[in-house]
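What follows is one structure encoded as structure tokens, with my remarks underneath.
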Amino acid sequence: MSKKNLKRNGRYLYAIIEASEEKTFGSIGMDGSDVYLIVEDKTAAVVSDVPNKKIRPQRKNIAAHHAVLNKIMEEITPLPMAFGIIADGEQAIRKILADNRDVFREQFATVSGKVEMGMRISYDVPNIFEYFISTDSEIRAARDQYFGGNREPSQEAKLELGRMFNRQLNANREEYTNQVIEILDDYCDDIKENKCRNEQEVTSLACLINRSDQKRFEEGVFESARHFDNNFSFEYNGPWSPHNFVNILIEL
Amino acid sequence: MAKVQKTTDSSSLAEVVDRILDKGIVVDAWAKISLVGIELISIEARVVIASVETYLKYAEAIGLTAAAAAPA
């Protein structure tokens, strides 16, 4: 493939890493493009050439971005880019690397030799509303009051009941999350809490740990799970690039 | 004790989407031109925002537990 033909095309960015020498990673990028490094003073951008500057967040494109990060992770912990960042060309990337060198170095120091693990707790019950009715007397009493008669409850009554459930759901989440973080703190360098995706979820955490501590982290998850009964389930995954611990917005 | 399960990252697109679409380094001017059709995939990862609609949905669901518990 001639590089000349691609001269005016975009460079898709996957990650920023510490590197002193140019290197290629094979044809594992967007649409099978070659992934390589643009190095500027010991800081490098992991990129591939893409034919235009718009990219859709389709499954295969997201998978390619993820696959490149996984490949880099085999050797070094990268600072992952968010999906869909495309530069005009090599010069623009060199400028970004030079202008933000200190920020990148600071981040390298934070995540070097580390990986991110995900940990999620969910209610393991067939119906979350029935579970709350059976465990929360306040919500049960409100239900009986509003839905006990023959008439459909008013809009206000429904809103009140819905708010009450929401409040309790969040209060429980906070309590359980704090309980788990207190235990996991001993097993992690850093923990970030993410928003829950649905009512069934209790907590969603991202944990930064040493690469070699994955077995230990697992023990921490089991230790946390011992404090919960079988109405809850714990799920963990990883290792990931440290997505939740690299948060840089570069404004041009 | 709660059940503990390890999931491999490839098994969950939502986990990947959560991380790759929403986190990491962003270059503002470059991101805007590249993200076309972001709503296509991010819907499933969207966080539930509590709202009037949500409260009413909760109330209806709680109401159904009353119907289920009522004597036949």
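Bear in mind these aren't lab numbers, they're just calculated from the coordinates by the rules spelled out. Since the structure is predicted, the reported quantities are computational estimates derived from the model, not experimental observations. A quick note on method: Cβ atoms are made from the backbone with ideal geometry, for glycine too, and the neighbour counts reach across all protein chains shown.
Starting from the Kirkwood Rh over alpha-carbon pairs, what translational D in µm² s⁻¹ does segment A:3-112 have by Stokes-Einstein at 10 °C and 1.306 mPa s?
114
In the protein assembly as shown, what % of DSSP beta bridges are antiparallel (nearest 5)?
Working: 40 of 49 bridges.
Approximately 80 percent, going by the DSSP bridge assignments.
Under 10 Å, Cα contacts only: if you run a Gaussian network model on chain A, which one of A:Leu159, A:Leu79, A:Leu69 comes out with the highest mean-square fluctuation?
A:Leu159
Calculate, for A:Gln91 and A:Asn247, the FRET efficiency according to 1/(1 + (r/R0)^6) with r their C-beta to C-beta distance and R0 30 Å; round to the nearest 0.05.
Result of the calculation: an efficiency of 0.70.
Quick check: the angle from helix A:59-73's long axis to the longest principal axis of chain A, C-alpha only, nearest 10 degrees?
70
Fewest first, what order do A:Arg94, A:Arg216 take by the number of other Cβ atoms within 10 Å?
Final ranking by Cβ density, sparse to dense: A:Arg216, A:Arg94.
Taking 8 Å as the Cα distance limit and 6 or more residues as the minimum spacing, I'd like the relative contact order of segment A:73-216 as a percentage.
Across segment A:73-216, relative contact order equals 32 percent.
Suppose a student asked you for the relative contact order of segment A:139-221, using Cα pairs under 8 Å spaced at least 6 residues apart; what percent would you report?
That works out to 23 percent.
Would you calculate a helix-derived [θ] at 222 nm for the protein assembly as shown, using -39,500 (n - 2.57) for each DSSP H run of n ≥ 4 and dividing by the full residue count, to the nearest 500?
That calculation yields -13000 deg cm²/dmol at 222 nm.
Taking Cα atoms, how many degrees apart are the long axis of helix A:90-99 and the longest axis of chain A, rounded to 10 and kept between 0 and 90?
Value to nearest ten degrees: 70.
Given labels modelled 7 Å from the Cα in the Cβ direction, how far is it in nm from A:Ala109 to A:Glu75?
Each label point lies 7 Å from its Cα, and together they span 2.5 nm.
Could you give the nm distance between label points at A:Thr135 and A:Gln200, where each point is 7 Å from its Cα heading toward the beta carbon?
With each label placed 7 Å out from Cα toward Cβ, I get 1.6 nm.
Mind telling me which of A:Ala109, A:Ala45, A:Ala67 comes out most flexible in a GNM of chain A, alpha-carbon contacts under 10 Å?
A:Ala109
Can you list, by residue number, the Cys in chain A that have no neighbouring cysteine C-beta under 4.7 Å?
Cysteines of chain A left without a disulfide-compatible partner: A:Cys196.
Relative to the longest principal Cα axis of chain A, at what angle does helix A:137-147 sit, 0 to 90 degrees, rounded to 10?
The helix A:137-147 is inclined about 70 degrees to chain A.
Counting other Cβ atoms within 10 Å of each Cβ, which GluC sites (Glu not before Pro) in segment A:168-252 have at most 15 and sit in a DSSP loop? It would help to have the intermediate numbers written out before the result.
Numbers: sites: A:Glu174, A:Glu175, A:Glu182, A:Glu193, A:Glu199, A:Glu201, A:Glu218, A:Glu219, A:Glu223, A:Glu235, A:Glu251; in loops: A:Glu199, A:Glu251.
Listed in order of number, the matching sites are A:Glu251.
Stick to Cα atoms and the Kirkwood definition of Rh, then tell me Rg/Rh for segment A:115-245.
1.10
Under the definition of partner shielding as Cβ atoms of other protein chains within 10 Å of a residue Cβ, what is the mean value for peptide A:242-248? Mind showing how you got there, number by number?
Working: counts 3, 9, 5, 2, 3, 4, 4.
Neighbouring Cβ atoms belonging to other protein chains average 4 per residue here.
Modelling each spin label as a point 7 Å along the Cα-to-Cβ direction, I'd like the A:Glu193/A:Arg101 distance in nm, to one decimal.
It works out to 4.0 nm between the two label points.
When only C-alpha pairs under 8 Å and at least 6 residues apart count, what is the relative contact order of chain A, in percent?
Over chain A, the number comes to 22 percent.
Which order results if A:Val39, A:Val68, B:Val17 are arranged by neighbouring Cβ count within 10 Å, fewest first?
The fewest-first ordering by Cβ neighbours comes to A:Val39, B:Val17, A:Val68.
To check my understanding: the extent here is largest minus smallest coordinate of the Cα atoms along each principal axis. What are those three numbers for chain A, in Å, largest first?
Here the Cα extents, ordered largest to smallest, are 77, 41, 29 Å.
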